[in-house]
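Novice: Before I ask anything, here is the structure I am working with.
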Amino acid sequence: MGAFFRQRSFCRGLSRRIPRQLLLVAALFMMIPVLYAEVRYYSLADVEVLAVHEHNTSSFTEGYFFDGDVLCESGGYWFESAFYENNVCMFTMDRSVFAEGSVMLDGKLFMLTYQNKIAYIYDAETFKLKTIVQYPREGWGLTSDGKKLIASDGSSRLYFMDTNYRVKKTLSVTEKGKPVSKINELEYIDGYIWANVFLTDDVVVIDAATGEVCARIDFSELYLKKERNKKADVMNGLAWNADTKKLWMTGKYWDKAFEVDVSVIMDNLGK
């Protein structure tokens, strides 16, 4: 009991020795609100659908990107995984493989797998398999900033990797300070990463330097669920045509792909 009173006396003595000014500063500091990046919210009304194109309904879309003027796509799912160019199947994969995100960089085609714990590197011209790399995470989306590969794994993290799939940097994706999970298909556009959010019709725009979401677009009216083809699954697939400056969008097993002008959103980024 004596030790208890001595401890209380010590604490009271310590509090007396702390200047009241410091206590006031600490209290004021705790009252300062945490500042997050501004998030702008958009809908279909803020973009323009320029054209509707045919999409191969055999593809469970996982990777979607342009290589020059060629629209490339990796389709996933067991027994069905394949790679397409302009809706034409270029090669199929082993039936045990669930292909995921893909991208081309430095003359090579890179492709992830869902839970096979491997990733592929092909020759981009011949599609000849160059190597198979052990991959420790689930593969989801894949894109590139022109130097590094950028991958998602269904969490709120993005992985910046070299061309041997070695992680060089990890980025946490947040929206107003809160983690954004289920980051899926990715497309790098001028310093920002556009990403489908799995099981939603939302696309988030992520600052590639900070991981902060600066825009969220509700595309639920792009292709109404009641109007989709019977086989259609969730929205997934963002491909940026650098020549036309237009974004192409589709979904798993969809019969349509949409060419969209998102210039209003892009013009507001960074403002």
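The values are calculated or read from the model by the stated rules, or taken from the named source; none is laboratory data. The structure presented is a predicted model; accordingly, all values stated were derived computationally and were not measured. Reconstructed Cβ throughout: ideal geometry from the backbone, glycine too, with neighbour counts over all protein chains shown. Remember, those area values only see protein heavy atoms, side chains included, never the ligands or the DNA or RNA. Shrake-Rupley method; radii C 1.70, N 1.55, O 1.52, S 1.80 Å.
Novice: Most fluctuating residue of F79, F65, F258 in a GNM of the chain with Cα springs under 10 Å: which is it?
Specialist: With Cα springs under 10 Å in the chain, the top fluctuation among F79, F65, F258 is at F79.
Novice: Of the heavy-atom accessible surface of the chain (probe 1.4 angstrom), what whole percent is carbon and sulfur?
Specialist: Here it works out to 54 percent.
Novice: So if I restrict to the alpha-carbon atoms in the stretch 178-266, what is the Rg, and what is Dmax, the biggest pairwise distance, in Å?
Specialist: 12.9, 40
Novice: With 29 Å as the limit, write out which pairs from K147/K182; K130/K256; K117/K230 have Cα-Cα distances beyond it, or answer none.
Specialist: Working: K147/K182 25 Å; K130/K256 33 Å; K117/K230 32 Å.
With Cα atoms farther than 29 Å apart: K130/K256; K117/K230.
Novice: Can you list residues whose amide H is under 5 Å from E212's amide H, if they're 5+ apart or on another chain and H is modeled 1.01 Å from N?
Specialist: Placed amide hydrogens put T174, D207 under 5 Å from E212.
Novice: Just need the Rg to Rh number for the chain, please, alpha carbons only, Kirkwood Rh. Walk me through the intermediate numbers first.
Specialist: On the way: Rg = 23.7 Å, Rh = 20.3 Å.
Rounded to two decimals, Rg/Rh equals 1.17.
Novice: Please work out the Cα convex hull volume for the stretch 42-146 and give it in Å³ per residue. Each step should come with its number before you reach the end.
Specialist: Details: hull volume 13.9 nm³, N = 105.
Expressed per residue, the convex hull around the Cα atoms of the stretch 42-146 is 133 Å³.
Novice: Can I ask one more? Note the angle between two axes, namely the Cα long axis of helix 20-31 and the longest principal axis of the Cα atoms of the chain, as a number of degrees from 0 to 90, rounded to the nearest 10.
Specialist: That helix lies at roughly 20 degrees to the long axis.
Novice: Stretch K182-E125 to full length: gain in nm at 0.36 nm per residue minus the Cα-Cα span?
Specialist: Details: separation 57, 0.36 × 57 = 20.52 nm, distance 3.21 nm.
17.3 nm is the gain from fully extending K182 to E125.
Novice: Work out, in µm²/s and without decimals, the Stokes-Einstein translational diffusion coefficient of the stretch 94-242 at 4 °C, 1.567 mPa s, Rh from Kirkwood over C-alpha pairs.
Specialist: Values: Rh = 15.9 Å.
Answer from the Stokes-Einstein relation: 82 µm²/s.
Novice: Could I have the simple spin-label model distance between I132 and V70, label points 7 Å from Cα toward Cβ, reported in nm to one decimal?
Specialist: The modelled label-to-label distance comes out at 2.4 nm.
Novice: Counting alpha carbon pairs within less than 8 Å and at least 6 residues apart, what relative contact order, in whole percent, applies to the chain? List each step's numbers first, then the result.
Specialist: On the way: 648 pairs, mean separation 50.1, N = 271.
For the chain, the relative contact order is 18 percent.
Novice: Now for a separate question. Output wanted: per-residue J couplings in Hz (rounded whole) for the stretch 188-204, from phi through Karplus 6.51 cos²θ - 1.76 cosθ + 1.60, θ = phi - 60°, x for Gly and Pro.
Specialist: With coefficients 6.51, -1.76 and 1.60, one gets 8, 9, 6, x, 10, 10, 8, 9, 6, 9, 4, 6, 10, 9, 8, 10, 9 Hz.
Novice: Another question about this same structure. What nm distance separates the two modelled labels at K226 and A51, each placed 7 Å from Cα along Cα→Cβ?
Specialist: The modelled label-to-label distance comes out at 3.0 nm.
Novice: Here is a follow-up. How large is Rg over Rh for the stretch 220-271, taking Rg from the Cα atoms and Rh as the Kirkwood inverse mean of 1/r across Cα pairs?
Specialist: Numbers: Rg = 12.9 Å, Rh = 12.2 Å.
Over the Cα atoms of the stretch 220-271, Rg/Rh equals 1.05.
Novice: HN-Hα J couplings of the stretch 40-49 from phi, Karplus 6.51/-1.76/1.60, θ = phi - 60°, integer Hz, Gly and Pro as x?
Specialist: Those phi angles translate into 9, 10, 10, 9, 4, 5, 9, 10, 10, 7 Hz.
Novice: Suppose we keep just the alpha-carbon trace of the stretch 89-132; what are its Rg and Dmax in angstrom?
Specialist: For the stretch 89-132, the Cα radius of gyration and maximum Cα-Cα distance read 10.0, 28 Å.
Novice: Then there is this: Where does helix 2-17 land angle-wise versus the long Cα axis of the chain, in degrees 0 to 90, nearest 10?
Specialist: 80 degrees
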